[in-house]
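The values are calculated or read from the model by the stated rules, or taken from the named source; none is laboratory data. This one's a predicted model, so the numbers in the text were calculated from it and none came from an experiment. Cβ sites come from the backbone with ideal geometry, for glycine too, and all protein chains shown count toward neighbours. Keep in mind that these areas ignore ligands, DNA and RNA; they rest on the heavy atoms of the full protein, side chains included. Shrake-Rupley method; radii C 1.70, N 1.55, O 1.52, S 1.80 Å.
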Amino acid sequence: MRYLVLSDIHSNLAALEAVLAEAGEVDQVWCLGDLVGYGPDPNECVERIRELPHICVAGNHDWGVLGKLDLSDFNAYARQACLWNRQRLTEENREYLDNLDEYIVEGDFTLVHGSPRYPIWEYVMSPGVAWRSLASFDTPYCFVGHTHVPVIFAARDDFCDTCPLLEGQPLQLGQERLIINPGGVGQPRDGDPRAACLILDPDKGTIEHHRVEYPIEVTQKKMEEAGLPRQLIDRLDHGW
Ligand code: ZN
């Protein structure tokens, strides 16, 4: 079996298509939320995921676009993009996002957007937060998104280690509990503008991180035409 694990598409269809092409045939897509917000293609991205065999959890931008979160918690650029996305989302896609769970358990894996403690909002950015999150899931492994930064936190006896998620190097899942972030598809924030994802082979117990170039200028042009904030357009060039 091969699963494509991805997060934070953020209405960036060009990035999503590049990741799907790189992954090739997969049995299922596991999506860690934030399908919409920031970018110019909310309906296209939701519909592209919906047509694939997949499971998906809700993210804070999904809830922001739906109006399930107070947009005053977003920064001004994110808020403007959320409102733009909200105006364009079809009723059917709205309903799809509205029905997403916050927390999914699938075999040995827990899937959330933010953290297993606070699935919509909490960022797992540090070993300390990772350590405090371990009690909030029962499976050996937990996939998170939200930070748009690929990383693994590995549970040791009384702390968590931060381990890089290296491109193209399959990693064997073992005894230790892990919190794994595949990075972001539509707005990477680790200084690498390429879209990020990972391939999980649950039979072999391996994950492999991929980075994929995509035509950033295609997304940027659509954002310009939509009048989305310049800062959101420019940051795609830099991957932050
Ligand atoms: Zn996000």
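Where strands (runs of 3 or more DSSP E) fall entirely within the stretch 117-163, those with at least 2 residues that are open to solvent by less than 10 Å² (accessible area, probe 1.4 Å) are at 141-143, 151-155. Of all residues in the stretch 172-225 being touching a His at 6+ places or on another chain (Cβ under 8 Å) and open to solvent by 20 Å² or more (accessible area, probe 1.4 Å), which is nearest to residue 157 (Cα to Cα)? Residue satisfying both the conditions and the ranking: 190.
Inspect all residues belonging to the stretch 36-53 and state whether any of them is at pLDDT below 95, open to solvent by 20 Å² or more (accessible area, probe 1.4 Å) and either small (Gly, Ala, Ser) or under 20 Å from residue 212 (Cα atoms) (or both). No, because not a single residue in the stretch 36-53 is at pLDDT below 95, open to solvent by 20 Å² or more (accessible area, probe 1.4 Å) and either small (Gly, Ala, Ser) or under 20 Å from residue 212 (Cα atoms) (or both).
Residues in the stretch 66-115 that are over 27 Å from residue 236 (Cα atoms) and either open to solvent by less than 10 Å² (accessible area, probe 1.4 Å) or within 13 Å of the ligand (Cβ to nearest atom) (or both): 1 in all. Filtering the stretch 145-159 to residues that are closer than 12 Å to residue 197 by Cα, of a type in the set (Val, Ile, Thr) and within 13 Å of the ligand (Cβ to nearest atom) leaves only 149. Looking for something of a type in the set (Gly, Ala, Ser), closer than 27 Å to residue 203 by Cα and more than 13 Å from the chain's Cα centre (by Cα) - is there at least one such residue anywhere in the stretch 118-134? Yes: the stretch 118-134 contains one or more residues that are of a type in the set (Gly, Ala, Ser), closer than 27 Å to residue 203 by Cα and more than 13 Å from the chain's Cα centre (by Cα).
Residue 50 fulfils the conditions (1) among the basic types (Lys, Arg); (2) within 16 Å of the ligand (Cβ to nearest atom); (3) under 16 Å from the mean Cα position of the chain (by Cα) except for a single criterion, (2).
For beta carbons closer than 6 Å, sequence separation of 6+ or different chains, a first residue in the stretch 150-179 that is closer than 24 Å to residue 107 by Cα and a second that is in a strand (DSSP E or B) and of a type in the set (D, E, K, R), the qualifying pairs are 154/161; 170/208. With the structure loaded, tell me whether residue 66 is free of Cβ contacts under 8 Å to residues at least 60 places away in the same chain, under 17 Å from residue 31 (Cβ atoms) and not acidic (Asp, Glu) or whether it fails that test. Criteria met by residue 66.
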